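Trainee: Take this structure first; my questions come after.
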Amino acid sequence: MTTIGRNTSTRTSAPAEPHALTLNESLATLRRAAAATDELLGAMSDNQDIVPVPGLAWTVSETAAHLVTLLTSSAAYASGARDGAAERAALPPGGAAERMALGNARELDGLVERRIPVLRQLLASAVDEYATAITGRRASGPVETPFGQEDPVVMTAALVGEQLVHGFDLARAVGQRWSIDPDAARLALTGTAPLLPYLVNAEAIRDIGARIEFRIVGAPRFTLVLDHGRAAVEPADGHCDCWISAQPVPYLLLAYNRIGRWRPLLRREVRSGGRRRGLAMRLPRYLSTS
């Protein structure tokens with residue numbers, strides 16, 4: 001989720017349970033987010049499909065195609081049509097960011113369609129396909145993906161985050177307005193909190209022992225525990241070395257490295273404190289993102 005790093009070890013604990021979210025709630029939010037993306041794509045002119053997206057190596061149509069492939073591949077892993085564990089074993093060594101980038105590139109290469117009207121249709125059908133696959137699973141455990149085992153609620157929350165953030169990317173590329181629902185941002189942030197240990201740069205925290213409490217406004221608090229090369233996410237218990245309090249929308253964009261840190265800090269949309277407050281500023285060094 002948060003800014004660039006390198007995950008040099010898999011010495012992390014199993015992901016924690018999702019924070020009081022239900023699959024139906026997450027799916028409903030995903031449908032609304034994808035509908036907003038569809039509306040944005042529908043408002044674009046024919047020649048905007050090749051517009052570069054700021055900060056990404058993709059054009060508008062490639063970014064839209066990426067959103068489609070995220071959903072279709074997730075549906076395939078959820079249904080068992082693709083073996084996520086086998087694909088994970090076949091990936092070359094590397095950090096989370098490198099593996100995600102490689103996986104995204106491969107999926108995008110597999111979808112040659114770049115016409116926006118067709119991609120809109122594919123996006124709508126992909127949401128339905130994913131919802132059917134994730135709710136129709138016979139197994140009760142996590143879904144095997146190339147990046148690890150993912151709880152269905154967490155997996156869905158991650159897809160919500162992708163829609164919100166890439167919708168922001170698309171709108172910025174073509175100069176349109178993009179509004180992120182705070183409840184959707186809150187769900188994406190807290191719902192994917194269990195994935196944070198997978199993104200920790202174990203080498204960077206080799207000499208770090210700390211508890212960082214996240215206080216996303218309106219959501220249950222949780223704590224990222226850094227323990228000398230290991231990481232875990234736990235419910236907040238009031239004991240922390242540093243706390244970060246944040247409004248959900250600016251922190252979502254900050255976490256995905258879409259905005260700089262100073263604007264939300266100056267607006268007090270993101271605040272930090274605790275006896276080791278400096279951990280908040282160093283947090284980007286500890287985590288890796290796609």
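The values are calculated or read from the model by the stated rules, or taken from the named source; none is laboratory data. Not measured: the values here are computed from a predicted model. When we count neighbours, we look across all protein chains shown, and the Cβ atoms used for this are built from the backbone with ideal geometry, even at glycine.
Trainee: So, in the stretch 39-53, of the ones that are surrounded by fewer than 18 Cβ atoms within 10 Å (Cβ to Cβ) and in a helix (DSSP H, G or I), which residue ends up modelled with the lowest pLDDT?
Mentor: Asp46
Trainee: Tell me which of these Ala204 doesn't satisfy, since it passes every other one: (1) surrounded by 15 or more Cβ atoms within 10 Å (Cβ to Cβ); (2) without any contact (Cβ under 8 Å) to a residue 40 or more places away in the chain.
Mentor: Result: Ala204 fails condition (2) only.
Trainee: Tell me whether the stretch 249-256 contains one or more residues that are outside the structural domain of Glu98 (by TED's automatic domain parsing), in a loop (DSSP other than H, G, I, E, B) and at pLDDT below 95. Before you say what the answer is, go through the steps one by one.
Mentor: Pass one, the stretch 249-256, residues outside the structural domain of Glu98 (by TED's automatic domain parsing): 249-256.
Those left that are additionally in a loop (DSSP other than H, G, I, E, B): 256.
Cutting the leftovers down to at pLDDT below 95 gives us 256.
Yes.
Trainee: Among the candidates Ala158, Ala173, which residue alone is within 16 Å of Pro194 (Cβ to Cβ) and in contact with a strand residue (DSSP E or B) (Cβ under 9 Å, 6 or more places away or on another chain)? Walk me through how you get there before you give the answer.
Mentor: Values: Ala173 fails: within 16 Å of Pro194 (Cβ to Cβ).
None of the others qualify; the one that does is Ala158.
Trainee: Still on this structure, please answer the following. If only one of Val143, Val127 is farther than 18 Å from Leu195 by Cβ, modelled with pLDDT of 95 or more, of a type in the set (Val, Ile, Thr) and touching a helix residue (DSSP H, G or I) at 6+ places or on another chain (Cβ under 7 Å), which one is it?
Mentor: Of the residues listed, the single one that is farther than 18 Å from Leu195 by Cβ, modelled with pLDDT of 95 or more, of a type in the set (Val, Ile, Thr) and touching a helix residue (DSSP H, G or I) at 6+ places or on another chain (Cβ under 7 Å) is Val127.
Trainee: While we're looking at this one, here's another question. Would you point out which residue out of Arg263, Arg221 is outside the structural domain of Arg99 (by TED's automatic domain parsing) and modelled with pLDDT of 95 or more? It would help to see each step written out before you state the result.
Mentor: Values: Arg263 fails: modelled with pLDDT of 95 or more.
After applying the criteria, what remains is Arg221.
Trainee: For Arg276, all conditions in the list (1) over 30 Å from Trp178 (Cβ atoms); (2) in contact with a Lys or Arg (Cβ under 8 Å, 6 or more places away or on another chain) hold save one; what is the number of the exception?
Mentor: Only one criterion in (1) over 30 Å from Trp178 (Cβ atoms); (2) in contact with a Lys or Arg (Cβ under 8 Å, 6 or more places away or on another chain) is unmet by Arg276, namely (2).
Trainee: Could you go through the stretch 260-272 and let me know if any residue there is of a type in the set (Gly, Ala, Ser) and part of a loop (DSSP other than H, G, I, E, B).
Mentor: As a first pass, look at the stretch 260-272 and keep what is of a type in the set (Gly, Ala, Ser): 260, 272.
Then keep just the ones that are part of a loop (DSSP other than H, G, I, E, B); that gives 260.
Yes, because at least one residue in the stretch 260-272 is of a type in the set (Gly, Ala, Ser) and part of a loop (DSSP other than H, G, I, E, B).
Trainee: Can Leu71 be described as crowded, with 20+ Cβ neighbours inside 10 Å and either assigned by TED's automatic domain parsing to the domain that holds Ala131 or closer than 24 Å to Pro117 by Cα (or both)?
Mentor: Yes, satisfied.
Trainee: When only residues in the stretch 25-44 that are of a type in the set (Gly, Ala, Ser) and in contact (Cβ under 8 Å) with a residue 24 or more places away in the chain count, which is farthest from Leu71 (Cα to Cα)? Can you show your working first?
Mentor: First pass over the stretch 25-44, keeping only residues of a type in the set (Gly, Ala, Ser): 26, 28, 33-36, 42-43.
Right, trim to in contact (Cβ under 8 Å) with a residue 24 or more places away in the chain and you get 26, 33-34, 36, 42-43.
Numbers: Ser26: 14, Ala33: 13, Ala34: 10, Ala36: 16, Gly42: 19, Ala43: 22 Å.
If we take residues in the stretch 25-44 being of a type in the set (Gly, Ala, Ser) and in contact (Cβ under 8 Å) with a residue 24 or more places away in the chain, then Ala43 is farthest from Leu71 (Cα to Cα).
Trainee: Out of (1) touching a residue at least 40 places away in the same chain (Cβ under 8 Å); (2) crowded, with 21+ Cβ neighbours inside 10 Å, what's the single condition that is false for Ile216?
Mentor: (1)
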